[in-house]
Amino acid sequence: MSIQQGLHELRNNIPKEVSLVAVSKTKPVSAIKEAYECGQRIFGENKIQEMTSKREQLPNDIQWHMIGHVQSNKVKYMAEYVDLIHGVDSINLLKAIDKEAAKHHRVIPCLLQAHIAVESTKFGFSLDEIKAVFDSDVLSELKHVKVVGLMGMASFTTEEKQIRTEFSSLKSLFDELKEVSNIEVLSMGMSGDYQIAIEEGSTMIRVGSKIFGTR
Ligand SMILES: *Cc1c(COP(=O)(O)O)cnc(C)c1O
């Protein structure tokens with residue numbers, strides 16, 4: 001299937017109000033161009049250097065989302081332009097983003113990453129830790145980051161029930177926090193599980209292989 005076909009099929013299968021992040025990691029600039037020609041404007045990368053280099057070769061109305069694990073000392077390479085950082089998994093990282101954003105007089109939108117999968121290798125806060133962050137003053141103290149929502153990855157399994165339960169637990173927290181803050185983005189769902197994620201309330205899916213083919 002071509003990139004164009006993949007994108008069209010995906011768009012036909014998701015509600016208009018769900019944002020689509022086209023995950024272009026490891027894929028060449030030419031592949032991003034092809035998706036861009038089909039109207040896609042949001043792209044997700046998981047390595048800062050790769051994202052920065054691609055950005056330099058592509059139109060500047062693309063929105064670049066960092067979806068991977070971020071090291072504090074690398075934030076400076078994307079602080080000038082990154083549109084959304086999905087994987088914020090520590091207060092220290094949030095502070096590092098704040099500091100670098102300030103240098104560019106920006107407020108960088110971020111998502112707190114929740115650890116909802118059973119695998120211990122995946123990064124993120126526990127749901128209780130996220131609640132504690134929202135209960136504390138830390139978010140109001142950091143003037144150059146804005147936490148606009150939550151992100152999560154389900155377990156790597158074919159057990160649909162398991163995936164559904166994990167997404168649903170994140171959606172419950174999202175709804176709870178929405179009552180006391182103005183978060184609006186719930187980033188969950190990848191090529192293998194975006195349909196379940198949308199059914200469970202996702203507002204933003206991150207899809208790579210379904211558009212660009214296997215990596
Ligand atoms: C690679 C990646 C994706 C996309 O994965 P696909 O299975 O190719 O859709 C989504 N989210 C994160 C965090 C990723 O690292």
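The values are calculated or read from the model by the stated rules, or taken from the named source; none is laboratory data. Not measured: the values here are computed from a predicted model. Note that each Cβ is placed from the backbone with ideal geometry, even for glycine, and that neighbours are counted across all protein chains shown.
The criterion of at least 1 residues that are within 16 Å of ASN46 (Cβ to Cβ) is met by the following helices (runs of 4 or more DSSP H) wholly inside region 62-160: 91-103. Counting the residues of region 36-54 that are within 10 Å of VAL21 (Cβ to Cβ) and aliphatic (A, V, I, L, M) gives 1. Selection of first residues in region 9-29 that are within 10 Å of ILE211 (Cα to Cα) and of second residues that are at pLDDT 95 or above and assigned to a helix (DSSP H, G or I), restricted to Cβ pairs under 7 Å at least 6 apart or on distinct chains, gives the following pairs, ordered by first then second residue: LEU10/LYS210; LEU10/ILE211; ALA22/ALA35; ALA22/ILE211; SER24/ALA31; SER24/ILE32; SER24/PHE212.
Tallying residues that are more than 17 Å from the chain's Cα centre (by Cα) and of a type in the set (A, V, I, L, M, F, W, C) within region 157-172 yields 1. Every listed requirement among (1) touching a residue at least 12 places away in the same chain (Cβ under 8 Å); (2) within 21 Å of ASP193 (Cα to Cα); (3) not in a strand (DSSP E or B) is met by GLY44 save one, (3). Considering only residues that are of a type outside the set (Asp, Glu) and touching a helix residue (DSSP H, G or I) at 6+ places or on another chain (Cβ under 8 Å), which ones fall in region 43-67? If the condition is that a residue be of a type outside the set (Asp, Glu) and touching a helix residue (DSSP H, G or I) at 6+ places or on another chain (Cβ under 8 Å), then PHE43, ILE48, GLN49, THR52, LYS54, GLN57, LEU58, PRO59, ILE62, TRP64, MET66 are the ones that fit. Taking region 79-95 as the search range and keeping residues that are away from the ligand (no atom under 16 Å from the Cβ) and free of Cβ contacts under 8 Å to residues at least 40 places away in the same chain, which one is nearest to ALA114 (Cα to Cα)? Checked region 79-95; the qualifying residue nearest to ALA114 (Cα to Cα) is SER90.
Looking at SER191, SER202, SER187, just one residue is without any contact (Cβ under 8 Å) to a residue 40 or more places away in the chain, within 14 Å of the ligand (Cβ to nearest atom) and either within 27 Å of GLY39 (Cβ to Cβ) or in a loop (DSSP other than H, G, I, E, B) (or both), and that residue is SER191. The number of residues in region 29-53 that are within 20 Å of the chain's Cα centre (by Cα), surrounded by fewer than 20 Cβ atoms within 10 Å (Cβ to Cβ) and of a type outside the set (A, V, I, L, M, F, W, C) comes to 8.
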